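My questions all concern the structure below.
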Amino acid sequence: MLTQRLLTSDKGGMLVLGLIALTCILVPILNLAVPESSPFHVSTFAVTLLGKFLCYALLALALDLIWGYAGILSLGHGAFFALGGYAMGMYLMRQIGDRGKYGDPLLPDFMVFLNWQELPWYWHGFDMFWFAALMIVLVPGILAWVFGWLAFRSRVTGVYFAIITQALTYALMLAFFRNEMGFGGNNGLTDFKDILGFSITADSTRIGLFLASGIALMLAYLACRYIVTSRAGKVIVSIRDAESRTRFSGYQVESYKLWLFVFSAVLAGIAGALYVPQVGIINPGEFSPLNSIELVVWVATGGRGTLYGAIVGAFSVNYGKTVFTTFYPEAWLFPLGLLFVLVTLVLPKGLVGLIGRFKKSKSTSKQEEQP
Amino acid sequence: MNPFKHARNWSTKALPVKDPNFGHPLDTSHGPILYVEDVSVSFDGFKALNNLNLYIDEGELRCIIGPNGAGKTTMMDVITGKTKPDEGSIYFGQQINLRELSEHQIARGGIGRKFQKPTVFEALSVYENLELATAGNKKFWFTLTRELTGEQRDRIDEVLHTIGLAQSRFNSAGNLSHGQKQWLEIGMLLMQSPRVLLVDEPVAGMTGEETERTAELLTSLAGKHSVIVVEHDMAFVRSIARKVTVLHQGSVLAEGSMDQVQSDPKVVEVYLGE
C-alpha cells in the first residue's frame, strides 16, 4: 500500500531513484575494485564530484518541496545548507586536535592566530559526532521555524518572502565573514583531517561519504513523496493554488507552511553537512545570495513541482557547469542567466516537462495513425 | 428604535474561546443561529457597514440583495472573520463570539463560505477537492499520517450525488465547466457539515438550466442548514427566496418577502433612482 503510494505511481521518480541506486552500487566497485589502468576505473576525483552533485540534488529537492508544492519561493535556501555545513565543519575542526599548524590541542588554528585563549561556548560539544549531527538538524530547523513563524504569521508571501529570505542569507554571509563571530571569518573552516576516525582523504572514506550522500538523497526523496502524497500534501498544493479557499475550508495555512519550511530547511542542512567533508572546506561564500539563486535555476530547469525533476535539474545544470567552467572559467554566469531566461520562456515545466510533452505528442500521433 | 432588532439574550455568558470545539450543541433556543448586531466597518473613512443588524434563523434560506457597494461582501467578510468589525458584535448561536476567532476556526466551527468567483483547487480531482473540505481534524500532523475514515468516504459519495458530480469524481477540477465549479464549491462547503452557508453570487455567469439546478440545490439545502445567498439576479432571488433583506449603504434598508420588498418605496428609490 505504502510502496504503491510512494513508488509505483511515480514512474519518473522510480527511474531517477533506480539510477541513483545503480550509481551507488557501480561507482564504489569501479573506484575500489577496478585497477587504475582499466578504462572502466572511476577516479576518486569523479567520485567526489558525483558526491557533491548528490548533495546539490538533495538541496534542490528541499527547495522543490516548498517552491514546487507550496509555492513558497525561498531565495535564501543556501543559508540552511551553509549552516548544516558549518555544523559539520565545526565537528571536523575539533577532530584535528593537536595536528593543526599551531599544535594547540583544543583551539582550531584560526583561533590561535587571533590570540584567543579559550574555546567560545558555542564550540563546545562539537568534538562529539552525535552532538554535531544533532546541530546539523536543529540549527537550520530552528532558524527556519523562527523565521517562518514570523513571516507566515504576518502573511508575507510571494515576492516579499523571496526578498526577505535573500536578505537573511546575505546578512548571515556578512556575519560569518567577521572574524569575531568565531567561525574562521573569510577563510572559513578547512584543513580537515578525519571524520569518525577515518582519514578524510582516503579513497574508502570518499566512497563512504558518496554512499552516505546517495542514501540520504534516496531517503529524503521517499520522505518528500510521503508528504506530498498524504492528505497534508494535498492541503499544501491547495494552499499554493487558492490560499484563502484553504483557509475558509478550516485549515490553519500558516502551520502547514511552517512545518514544510522547517522540514525543507533540515534537508538543506543535511545536504550541507554531507557536502563539506567531500569538498574539504566551508566558508561564508556558501551563504552568498548567488548560490541560492543558482539553486532556484536548478529546480526550474529540472521542472518544479515534480520531486525527481529537482534532482534531474541539479545534476544536469551542475554537470553543465563543470564542463563549461573547465573551458571558460569566468563566463559561467552568462550561460546560467541564459538558461534561466530560456527555461522561464520556453520550458515552464523544465526538462521533465519536455519529456512529458514529447511523450504526449508521440502518443497523439499514434492515435492519428490508427483512427 | 430598530424594527428588526430582537437582541441576543445578553444574560447568557459567552463561552471561553481558545480553540473552540464547536462539538457541543449550538444554543439556538432564541431562534436565530446568527446574530449580527450594530456592526460597523470602515475603510479609510468609507463606511462599508453602518450599524448593520441582521438575524438569521436556524434552517432559514435568506437572500440578501442591494446595489453595488451596499456592503454585501463586507458583511460576509465580517461573519467569516476575514475582516474585523470596528464596532458591534457577531454571535454564532447564543454563546460563541465570532469576533474573537480567526478564519480557520470559524470555518471549522460550522460557517462555510462560497466565494463570488468559483475557487476550487484546480490541480486536484473533484474527489480530492471534497476530501480536503471534509470536516474533521485539520492539523498538519494529523493529515500527514492519517487516511480518511470509511464514514468520511461515504459522506463524500453522498455529497457527490447531491451536487450532481458523481460521474466526474476523478476529473481534474480545473477542467470542470463554470457551473460545475460552482456546485463543487458548494459541495466543499457541505463537506464541512456547516450550520450556516454563505453563498456569494452563486449563479453569476450560469446558463438558464444551470441556474435552475442551482436554485433546486440551494432550496434543498435549506432546512438542514441556514443558507445566506447574496445575489444580483432578481429572477433567481424571486425563485428561491422566502425572506429577502435589502442592504443599502452598509445597513438594512428593508426586510420581508420579495413582494413586500419590491413594493417598498425606499427600495424602489434606491434601485431606480429618484
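A short reminder: the numbers here are calculations on the coordinates, not readings from a lab. Bear in mind that the values here come from a model prediction, so they are computed numbers and not experimental data. Note: ideal-geometry Cβ built from the backbone for every residue, glycine included; neighbour counts use all protein chains shown.
Can you list the DSSP H helices in chain A whose Cα atoms extend at least 27 Å along the helix axis and whose mean Kyte-Doolittle hydropathy is -1.0 or higher? Before the final figure, lay out each step's value.
On the way: long enough: A:44-64 (30 Å, 1.70); A:77-96 (29 Å, 0.67); A:129-153 (35 Å, 1.90); A:158-177 (29 Å, 1.71); A:203-229 (39 Å, 1.19); A:253-279 (39 Å, 1.30); A:307-327 (31 Å, 0.90); A:350-369 (29 Å, -0.79).
Flagged H segments are A:44-64, A:77-96, A:129-153, A:158-177, A:203-229, A:253-279, A:307-327, A:350-369.
Work out, in µm²/s and without decimals, the Stokes-Einstein translational diffusion coefficient of the protein assembly as shown at 25 °C, 0.890 mPa s, Rh from Kirkwood over C-alpha pairs.
Numbers: Rh = 28.2 Å.
D, rounded to a whole number, is 87 µm²/s.
Excluding residues on the same chain fewer than 8 positions from A:Lys360, give the lysines whose Cα lies under 24 Å from its Cα.
A:Lys11, A:Lys349
If you don't mind, another one. Using the C-alpha atoms of the range B:160-231, what convex hull volume per residue, in cubic angstrom, is computed?
Measuring per residue, one finds 87 Å³ for the Cα hull of the range B:160-231.
Which three extents, in angstrom, do the Cα atoms of chain A have along their principal axes, listed largest first?
Between the extreme Cα coordinates on each principal axis of chain A lie 80, 60, 45 Å.
So what is the relative contact order for the range A:200-310, in percent, with contacts set as C-alpha pairs under 8 Å and at least six apart?
28 percent
Also, quick follow-up: Measuring from centroid to centroid over Cα atoms, what is the spacing of the range A:233-284 and the range A:127-171 in Å?
Between the Cα centre of the range A:233-284 and that of the range A:127-171, the gap is 10 Å.
Would you compute, from DSSP H runs of 4+ residues alone, the mean residue ellipticity of chain A at 222 nm, taking -39500 (n - 2.57) per run and dividing by the full residue count, rounded to the nearest 500? The partial results should precede the final answer.
Values: 14 runs with 249 residues, N = 371.
Theoretical 222 nm ellipticity from helices: -22500 deg cm²/dmol.
For chain A, give the magnitude of the charge dipole about the Cα centre (Cβ charges: +1 Lys/Arg, -1 Asp/Glu; no others), in debye to the nearest 20. It would help to have the intermediate numbers written out before the result.
Numbers: 26 positive and 20 negative charges, 324 e Å.
Dipole about the Cα centre, nearest 20: 1560 debye.
Sticking with this one: A:Lys321: which aspartates and glutamates have alpha carbons under 16 Å from its alpha carbon, excluding same-chain residues fewer than 8 sequence positions away?
Output for A:Lys321: A:Glu294, A:Glu330.
B:Lys47: which lysines have alpha carbons under 18 Å from its alpha carbon, excluding same-chain residues fewer than 8 sequence positions away?
Output for B:Lys47: B:Lys72, B:Lys82, B:Lys84.
When you count, for each residue, the other Cβ atoms within 10 Å and take the mean per peptide, how do A:291-302, B:143-154, A:183-194 rank with the highest first?
Values: A:291-302: 24.5, B:143-154: 13.2, A:183-194: 18.7.
Highest to lowest by the protection proxy: A:291-302, A:183-194, B:143-154.
Right, another one. Can you work out D for the range A:245-288 in µm² s⁻¹ from Stokes-Einstein, where Rh is the Kirkwood radius over C-alpha pairs, the temperature is 20 °C and the viscosity is 1.002 mPa s?
In µm²/s, the coefficient is 167.
Let me ask something additional. Please compute the contact order of the range A:6-138 in relative form: average sequence separation of alpha-carbon pairs under 8 Å and at least six residues apart, divided by the residue count, as a percent. Walk me through the numbers on the way to the answer.
On the way: 78 pairs, mean separation 19.7, N = 133.
Once normalised by length, the contact order is 15 percent.
Still on this structure, please answer the following. Tally Lys/Arg at +1 and Asp/Glu at -1 over every other residue whose Cβ is under 14 Å from the Cβ of B:Ile79; what's the total?
Details: positive: B:Arg62, B:Lys72, B:Lys82, B:Lys84, B:Arg99, B:Arg113, B:Lys114, B:Arg195; negative: B:Glu37, B:Asp77, B:Glu100, B:Glu103, B:Asp200.
For residues surrounding B:Ile79, the net value is +3.
Sum -39500 (n - 2.57) across every DSSP H segment of at least 4 residues in chain B, then divide by the residue count to get the 222 nm mean residue ellipticity, nearest 500. Provide the component values of the computation, followed by the final result.
Details: 10 runs with 92 residues, N = 274.
Calculated mean residue ellipticity at 222 nm is -9500 deg cm²/dmol.
Tell me the relative contact order for the range B:63-147 as a rounded percent, counting alpha carbon contacts under 8 Å between residues six or more apart. It would help to have the intermediate numbers written out before the result.
Working: 41 pairs, mean separation 14.5, N = 85.
Computed over the range B:63-147, the figure is 17 percent.
From the square roots a ≥ b ≥ c of the eigenvalues of the alpha-carbon gyration tensor of the range B:31-99, which class results: rounded (a/c under 1.5), prolate (a/b over b/c), or oblate?
oblate
Where is the GNM fluctuation largest for chain B (alpha-carbon springs, 10 angstrom cutoff): B:Lys243, B:Lys139, B:Lys47?
Looking only at B:Lys243, B:Lys139, B:Lys47, the largest GNM fluctuation is found for B:Lys139.
Roughly how many whole Å is it from the C-alpha centroid of the range A:97-124 to that of the range B:95-169?
59 Å
How many percent of the alpha carbon pairs in the range B:32-271 exceed a separation of 31 Å? Mind dumping the intermediate values first?
Numbers: 6611 of 28680 pairs.
Percentage above 31 Å: 23.
To continue, here is another question. What is the packing order of peptides A:317-329, B:81-93, B:188-200, taking the mean over residues of other C-beta atoms within 10 Å and listing the highest first? Before the final figure, lay out the partial values.
Numbers: A:317-329: 13.3, B:81-93: 19.0, B:188-200: 23.1.
Output ranking for A:317-329, B:81-93, B:188-200: B:188-200, B:81-93, A:317-329.
Averaged over every viewing direction, what's the projected area of the C-alpha convex hull for the range A:105-256? Give it in nm², one decimal, please. Before the final figure, lay out the partial values.
Details: hull surface 48.8 nm².
Hull-based average projected area comes out at 12.2 nm².
Past the 17 angstrom mark, what percentage of all C-alpha to C-alpha distances in the range A:271-371 do you count?
When every Cα pair of the range A:271-371 is considered, 62 percent fall beyond 17 Å.
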